[in-house]
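Nothing in this text is a laboratory measurement; each read-out follows from the coordinates by a stated rule. What you see is a predicted model; the values in this text were computed from it and never measured. Methodologically, a virtual Cβ is constructed for each residue, glycine included, from the backbone with ideal geometry; neighbour enumeration extends over all protein chains shown.
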Amino acid sequence: MSFPYLFLSPEEERRLRANDRHFNLSCNYANNAIKTSKYNILTFLPLNLFEQFQRLANGYFLGLMILQLIPQVSSLSWFTTAVPLILVLSITGVKDASDDINRHKSDKQVNNRKVDVLVNGQLKKEKWSNVQVGDIVKLENNEFVTADLLLLSSSEPLNLVYVETAELDGCSLPPDFCVCLSGEVRCEPPNNRLDKFKGTLTVNGEVYALDNDKVLLRGCTLRNTEWCFGLVIFGGADTKLMQNSGKTTFKRTSIDRMMNILVLCIFGLLASMCAILTIGNAIWEAREGSVFTVFLPYEPGINASLTSFLMFWSYVIVLNTMVPISLYVSVEIIRLGNSFFIDWDRKMYYPKSDTPAQARTTTLNEELGQIKYIFSDKTGTLTQNIMTFNKCSINGKAYGELFDFSGQRVEITEKTEKVDFSWNDLADPKFIFHDHSLLETVREGNPEAQAFFRLLALCHTVMPEEKKEGELYYQAQSPDEGALVTAARNFGFVFRSRTPETITLVEMGRKVTYELLAVLDFNNVRKRMSVIVRSPEGKLTLYCKGADTIIYERLHPSCSKLMEVTTKHLNEYAGEGLRTLVLACKDLDEHYMEDWMRRHHVAATAMEGREEMLDELYEEIEKDLLLLGSSAVEDKLQDGVPQTIEQLAKADIKIWVLTGDKQETAENIGYSCNMLREEMKDVFVVAANTREGVKEELE
């Protein structure tokens, strides 16, 4: 398992100009050609031999062959060692060359792809390898993204594009303007951070903030968008994809390392035997050998000591068969055979997608079955990643469960009566909910309930798609958001459309357009998301949703009693394995908002300390919130997960699952997927936040 590292570049800041190749070429930025191969015609032989001689046996036989070229030492012809050594090196070299030729073919195929590039105001087909930093390229639907691009314009009305299922907000420049664009971009140097980007675009004296949402990364595919224009920021080896790839390295398996150790042991045994035989020869020469010098005299310049030294190496040659060079050939043949067995294994065939197992390399297949630890994400790995709105708590009242006349909880089954949403023409027919009291509360005009669903309809990054009149489809980065927006839609607060400046809802049948002033993004540190909107009546409101511990810290003191009741409901939801969020809002003053927006623009366009400045502004405005309630979303386990984990546990494999859920939710999921079992007596919680604290609790 590999972990990302921060790539340090000699560049401190990248500056480029759109449609100005002369200026950009003078900066010596990398072009868009890529290279993943290890060798070329000139370097193959020396590099491949260097790698192969890292195997001790190969080095040993090379030294042995050199000894056999010395007449005073050798009693065998040199070709008795050279032939098998060359054979082994040749077989391995051919295999390595074949793998690298495939890399060359892949590189050539990618580099020779064609893309439309704006040259002197005209679109011209260019190879990917000829694209330069600062060029403006045009992509069409289902095309691969050529390089890391700043999105300038698209065929979508709001200059948005879809990359698989994630939407990106462009700079809202008209296509004709791209032809004569002469703006300057200042941004961070090449690095491997996929989640962050900061820079500025200066056009006609106006400075615009650039972040990760305005960048298309190489390796993505354009979806559901007829065309788009983008400005090349990073090309080839500087793209974030290639920065994360790393160099192709020579991989050595545990068997290779073990054989090296065995060969070292055999070397030691061989050296010991040769030393003993040499000592024996020296003793014999001293006692008996002098008798034979009468008719077998020493050659000129040769004495007993030198004879013993030469005899040592002669014994090494005679006993060379102790180091079996055929061992490596046998291992390579076994690896090749094992790779065929993997390809043919019926139990590893997945019929739903007609996908057999495929051994892409013969080098590492003996590592299979030696896994001791499994690190897994929960969402989308153990679970189906299909979220459904299950329960909620609004103003201290819980919804989503059913009770009979005696107050006993009623189990919900497929036969249980569902809430009828036929009154809502825009409702999602697939949405299922059973608690009729929630719909009645909303339709009666309860202000807290309506504010709850208004927040769910406004505070998100979902994009709507309307293929037919009244048939809405939501494109959501996170299935949680999709489930919450769909719930708001069915309860009368329909998210209909959005632009970079507005969000349009249909509230209980009435069309309402809110002005979107700011989006305070969610991230793993903030653990919350907020939007600031202005209603048609001019009322300014901040809507916020996030983790309970984070939101509770920012509530107004008047919410303390409501917080206690909501916490009780949250704990119940978490105990059932549901994913929870807390919702809150706050009214804002017009004069304060104007000042805050001015400071926000300064922070958003800063090249140094941008994140810290924005975090400070977000902390300032996200306080004294009023609690609305909490939501609970269900994400069911995938089929066969408990049985799979049980089998892995029987194999004594240690399993770690990463989740951002509450502790109660995590424990419930742990038991339901057999990570935790009832017979476990020593289940304990480590609650420390520091390395030393965790170590102390574990001890």
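For percent of Cα pairs over 48 Å apart, the listed values are (i) 23; (ii) 38; (iii) 30; which was obtained by calculation from the structure presented? Answer by label: (ii). Highest mean packing comes first when the peptides 661-667, 484-490, 331-337 are listed by Cβ atoms within 10 Å, giving 484-490, 661-667, 331-337. Among beta bridges from DSSP that stay inside the chain, the antiparallel ones total about 95%. At an R0 of 45 angstrom, the distance between the Cβ atoms of Lys568 and Asn40 translates into a FRET efficiency of 0.10.
Cross-link pairs exceeding 18 Å between alpha carbons, from the set Lys372/Lys650; Lys527/Lys568; Lys568/Lys662: Lys527/Lys568. For Lys467, a cut-off of 24 angstrom between C-alpha atoms picks up these lysines, skipping any fewer than 8 places away in its own chain: Lys430, Lys511. Multiplying the residue separation of Phe50 and Trp344 by 0.36 nm and removing their Cα-Cα distance gives an extension gain of 102.4 nm. Relative to the dominant Cα principal axis of the chain, helix 560-575 is inclined by about 50°. Projected label points at Asn102 and Arg599, each 7 Å from Cα along the beta carbon direction, are separated by 5.8 nanometres. Here the spin labels are modelled as points 7 Å beyond Cα on the Cα-Cβ line, and at Trp284 and Ser254 they lie 4.5 nm apart.
Highest mean first, the peptides 374-380, 400-406, 149-155 sorted by other C-beta atoms within 10 Å per residue fall in the order 149-155, 374-380, 400-406.
A Förster radius of 41 Å, combined with the Cβ-Cβ distance separating Val203 from Asn142, puts the computed FRET efficiency at roughly 0.85. Of the residues Trp656, Trp128, the one with the fewest other Cβ atoms within 10 Å heads the list, and the complete ranking is Trp656, Trp128. The stretch between Arg443 and Asn385, if pulled fully straight at 0.36 nm per residue, gains 17.8 nm over its current Cα-Cα span.
Among Met607, Met258, Met242, sorting on how many other beta-carbon atoms sit within 10 Å of each Cβ, with the fewest leading, yields Met258, Met607, Met242.
Each helix, a run of at least 4 DSSP H residues, gives -39500 (n - 2.57); summed and divided by the residues of the chain, these come to -11000 deg cm²/dmol at 222 nm. Sorting His436, His600, His22 by the number of Cβ atoms found within 10 Å of their own Cβ, with the fewest placed first, yields His22, His436, His600. For Lys108, the aspartates and glutamates whose Cα comes closer than 20 Å to its Cα, not counting residues fewer than 8 places off in the same chain, are Asp96, Asp99, Asp100, Asp116, Glu126, Glu143, Asp148, Asp238.
Among the GluC sites (Glu not before Pro) in segment 561-602, those located in a DSSP loop and surrounded by at most 16 other Cβ atoms within 10 Å of their own Cβ are Glu576. Extension gain, Glu679 to Arg510: 0.36 nm times the residue separation minus the Cα-Cα distance gives 55.2 nm.
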